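Worksheet: the structure to be examined is printed underneath.
The values are calculated or read from the model by the stated rules, or taken from the named source; none is laboratory data. All figures in this text were calculated on a predicted structure; none of them were measured in a lab. Quick reminder, even Gly has a Cβ in these numbers, built from the backbone with ideal geometry, and neighbours come from all protein chains shown.
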């Protein structure tokens, strides 16, 4: 580089809010193939259940302006902005056992869950972790 060539900073790669296991990616791809017009899976958090919060999942036909987009293993997750502080560092997995097949969230921010498994107690990440993510 000579003295007249301005240096251009390479954008810093931003950490992903979530990751997806191979099993979850395979199952999501299989489901999405049968849903024309779907651009991804929208994930969020809502108050409810005996433990205080519940994960929400819905097929999205469009991306909202403020969605956090995570693309991993050929799958697109659209994360609602208010859910980021609860989902940071989470892995979405898909488990099958003798009685059920379901998506599960391995979430480091989960402090407890109710006995039925439908609701969880989530603690938002620390401000410094959130600020580091936002970069």
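Tabulated data
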read-out: Considering residues of the range 2-34 that are part of a loop (DSSP other than H, G, I, E, B) and in contact with a strand residue (DSSP E or B) (Cβ under 6 Å, 6 or more places away or on another chain) only, the residue modelled with the lowest pLDDT; value: 16
read-out: Conditions (1) free of Cβ contacts under 8 Å to residues at least 60 places away in the same chain; (2) crowded, with 17+ Cβ neighbours inside 10 Å; (3) in contact with a helix residue (DSSP H, G or I) (Cβ under 8 Å, 6 or more places away or on another chain): number failed by residue 124; value: (2)
read-out: Tally, over the range 86-108, of residues that are more than 15 Å from residue 56 (Cβ to Cβ) and crowded, with 19+ Cβ neighbours inside 10 Å; value: 1
read-out: Search result, residues across the range 36-79 that are assigned to a loop (DSSP other than H, G, I, E, B) and within 11 Å of the chain's Cα centre (by Cα); value: 67
read-out: Members of the range 52-61 found to be surrounded by 16 or more Cβ atoms within 10 Å (Cβ to Cβ) and within 15 Å of residue 75 (Cβ to Cβ), listed by number; value: 60
read-out: Residue check, residue 49 surrounded by fewer than 11 Cβ atoms within 10 Å (Cβ to Cβ), out of contact with any strand residue (DSSP E or B) (no Cβ under 7 Å at 6 or more places or on another chain) and in contact (Cβ under 8 Å) with a residue 24 or more places away in the chain; value: no
read-out: Every residue from the range 62-85 that is closer than 18 Å to residue 24 by Cβ and exposed (fewer than 12 other Cβ atoms within 10 Å of the Cβ); value: 71, 74
